[in-house]
1. Over chain C, what percent of the accessible surface lies on carbon and sulfur atoms, probe 1.4 Å?
2. For A:H227, which sequence-distant residues (separation of 5 or more, or a different chain) have an amide H within less than 5 Å of its own amide H, given hydrogens modelled in the peptide plane?
3. May I ask you to give the average projected area over all directions of the convex hull of the Cα atoms of chain A, in nm² rounded to one decimal?
4. In the full protein assembly as shown, how much of B:H198 is accessible to a 1.4 Å probe, in Å² to the nearest 10?
5. Taking the solvent-accessible surface of protein heavy atoms with a 1.4 Å probe, what is the per residue accessible area of the protein assembly as shown in Å²?
6. What nm distance separates the two modelled labels at C:E194 and D:K156, each placed 7 Å from Cα along Cα→Cβ?
7. Provide a whole-number value for the mean count of partner chain Cβ atoms within 10 Å of the Cβ atoms in peptide C:274-282.
8. Between the helical axis of B:275-287 and the dominant principal axis of chain B, each derived from Cα atoms, what acute angle in degrees is found, rounded to the nearest 10?
Amino acid sequence: HRLDPRAKLLLSFFYIVLVFMANSLWSYVILVAMTLGAILASKINLGFFLKGIRPLLWLIIFTVIVQMLFSPVGGHTYFHWAFLRITTLGIITAGIIAVRFLLIIMTSTLLTLTTQPLDIATGLASLMKPLRWVKVPVDTLAMMLSIALRFVPTLMDEAVKIMNAQRARGVDFGEGNLFKQAHSLIPLMIPLFMSAFNRAEDLSIAMEARGYQDSEHRSQYRILTWHRRDTITWLIFAIGFAAILVFRRW
Amino acid sequence: MTFKLEERGRRMDNIIEVKQLTYRYSDQERPALSDINFTVQPGEWLAIVGHNGSGKSTLAKCLDGLLPFSEGTVTVGGTTLTEETVWTVREQIGMIFQNPDNQFVGATVEDDVAFGLENRQVPRDEMIPRVQAALDEVGMADFAQRQPSSLSGGQKQRVALAGIVAITPDILILDEATSMLDPLGRTAMLKLVRQLRHDQDLTVISITHDINEAAGADRILVIDDGKLVEEASPQEIFSKGDQLIALGLDIPFVAKLKAALKTRGIVPPADYQTTTEMEDWLWRSLSNT
Amino acid sequence: MAITFEHVDFTYQAGTPMANPALTDISFSAPDNCFLAIIGHTGSGKSTLIQQINALLKPTAGQIKIDDFTITPKTTNADLKPLRRHVGMVFQFPESQLFAETVRQDIAFGPQNFGMSEDDALVLADKMLEDVGLSTVYADRSPFELSGGQMRRVAIAGVLAMQPKVLILDEPTAGLDPQGRQEMMSLFERLHREQGLSIILVTHQMEDVAQYAEEVAVMRQGRLVKYGATREIFADPQWLTENQLAEPIAAQFAQNLSRRGITWSAWPLTAEELADQLASQWPKG
Amino acid sequence: MKHDALKTNTLAAVMIALTVALSLLVRIPIAGTNGFVTLCEVGIYTSAILFGNPVGVMVGAGSGFLIDILAGYPVWCLFSLVIHGTQGFAVAYLTPENDKSLKATIFPLIVGSAIMVVGYCLATAFLYGWPAGIASITSNLFQVGFGMVVAVLLVKSLVKFKPSLT
């Protein structure tokens, strides 16, 4: 799955809209087919997708049950007590919600496994370029996202190091009630924030020394290229979109 | 005092001239630097030493216009540093700082090397070969796609050097650039700096505590408490023995050995400085029996 | 406290596809009141090894005995707290662990976590501050107002305040200037000599190893490749070169002289030892 | 030779990185449920209170966006960008510039927290229907509550260490 990250970002946004618009059996069949097609094209082991579902399983079950119990009146009523009832329409709605959950989780997993975070950030910045016309400093934001990504592992390492140092001084992280835990985090957070402030200061000096004036007057080393496969994928999605609109119950 | 370049008779205009430089941090009463005067010649390797907090790093930042000093003048390559000329001055200087993590801007090695070129609006077609060549020069070409978190401190500093090679400055300032590296990383970095200096005719200013780094210099400036207290050749400085610790340098082994011998009643000649000279003298003395 | 490693293995993220063996079959025994240096290249497993000693990382196989404590892969965190009080750990750049509003409170933090009353801990803090060579005028300052070297001393005082019996130091002099390094090393030497503290020092500075350590452990690619008295370790220049470890300069110097026919009764490791031997061979008159 | 815009931007970038790092690293389970609390709010609230806007809105939007991408919920990233961005903006906007006391910050924090809880409730309801939206409220209340407590404690100390922050 070597699509341009811009294509992926747009597609995933578009996908949410599609999931939201789809409301008939046929439209879901098309969506599921499209998702499965994308998964097959990515050649990724299905196990990863199941792993993505597990942490949300309880939420899905809860939602589905509540959705069923508060069924709207429609079709055959199977069960009725006070304001709770289970109807055919309710079961269908609950089913749709469950399918939505699965589709979105699968798409998320697919994107995560096939795209480097840096590419997504670059892609986002590239998509935001039109916003320049309304004076949004798109290039500066892109630069910041890239710097932030670059510092995440550095600060994670540092956080682990400080946690170990405080543990060696007798702090028990992860024990006691929430308030106690909040308190035990202070010896971790203060040094981490202080160090982050210093890093930011050092970094701004280093960037200046390396000739950085502002983000608008720079050339670009990392660029994204839009390939034919991006266009093709877009076409497939456009057809899918049209089909869903056709089969949608208005 | 004689300098190598003058001896060779190719005396040129100074590449850096610092006159009466004084700098005061806004929250402190005492100036961090007061009345500093010195010059640097093209191609020279100048070491600046002094203990922590003596003002060495402040001086380096002033040279690059990174700190707004109010008194004195700094002239780099004939350009006097002002708010208007600061970018012209920075064009000529490449700087490497102490903490390898806090100067790595790019998300990958190649992005980081390209950073300085992007700032100078070098077209992309030209950037690609320059980034590649710079990475080759520092021996990091195989790491082009790697992320900084997967590199050692020494490798990060080499990437920083590549970033400087790519923009071809005249002057390289090392602001304690080896102090956070392990001995292997430090040796590799110094070797690389010597090679780059040779290949690219760089003038090098290195701010350091490391005796090996200082030993490689043509001249040493000693800063103490914000003042320039001494300016001499490494040989002259290293002959100070015990006093070196107060200057922020280690005592060279020969000086330690001489001191130890003196306490045992053996007095070595004062002028033997290198380990080989010392070895020769000891061998002669011992074999004369 | 005597420290014994018995066939210790450690794997990061054991049981996952990213499993990464960091220590393999480590066995050694360091006596009570030792001064042990651990040397080896970056990534050889030194830092992982010392984190086993106060069980910040637990072995994935084998066991570690520290006096009465035994750490096995099954030891639970609750059992470890008394151990951590006795094994003080000074990480690399320990000044990054300071957080309290005053120097005194920061030093008193560790002892309080181990059950000391606040009043006692604050009194102890002042004493520790003097122990690490800082005046008590710093006690009421914010740790973030101090210089880097002073901050490091405060951090070390904070570890010493737990009154450990073993002090683990991970490159404690990194980034300090030569004067700071010298003062720091003599502090540890004094603690070892006067208070009988066992010291475990991870370092790249061979001169410090030669001058202070009684025993040396050499790590390479997660294995303990040599363990012995300092003099034994440095007695084999060829082996050191093969393992890309530097000799102390005095030893290199002595080696050059021995090529010219000068003999040594014992291999000199420091300038002082070298001078001693030269003096004893010096022609009279 | 001043370059304040660069200083602000690097500060925001590093604070985004810190917020993301903490969120990925520290997950505190809520007793009795299988949900957990992350430290995302701690980073956003602390940056917003200490530095105001634009740092507040940038840290909110940037960390919201990146956390979702890195933690495996990329479909959510645009929602989070908007919700956390608004949250950071609100806290930064409502905090007085020269008073970071508990009294002065509690109202901004409550407004920011309300934005987050309501925002995610609406976004979840939009995707998965209202029962899921309502289900999100409890765990998000824990999340913002915890974030507020830690941020308040943290700000209290940081202001003392860096008088220049206020």
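The values are calculated or read from the model by the stated rules, or taken from the named source; none is laboratory data. If you're wondering where the values come from, they're calculated on a predicted model, not measured in any experiment. Please note: Cβ atoms are built from the backbone with ideal geometry, for glycine as well, and neighbour counts cover all protein chains shown. Quick note on the areas: whole protein, heavy atoms, side chains included, nothing else; ligands and nucleic acids left out. Shrake-Rupley method; radii C 1.70, N 1.55, O 1.52, S 1.80 Å.
1. Here it works out to 46 percent.
2. A:D4
3. For the Cα atoms of chain A, the hull's average projected area reads 20.7 nm².
4. Roll a 1.4 Å probe over it and B:H198 shows about 140 Å².
5. Values: 42020 Å² over 990 residues.
The answer is 42 Å² per residue.
6. Distance between the two pseudo-spin positions: 3.8 nm.
7. Mean partner shielding for this stretch: 5.
8. 20 degrees
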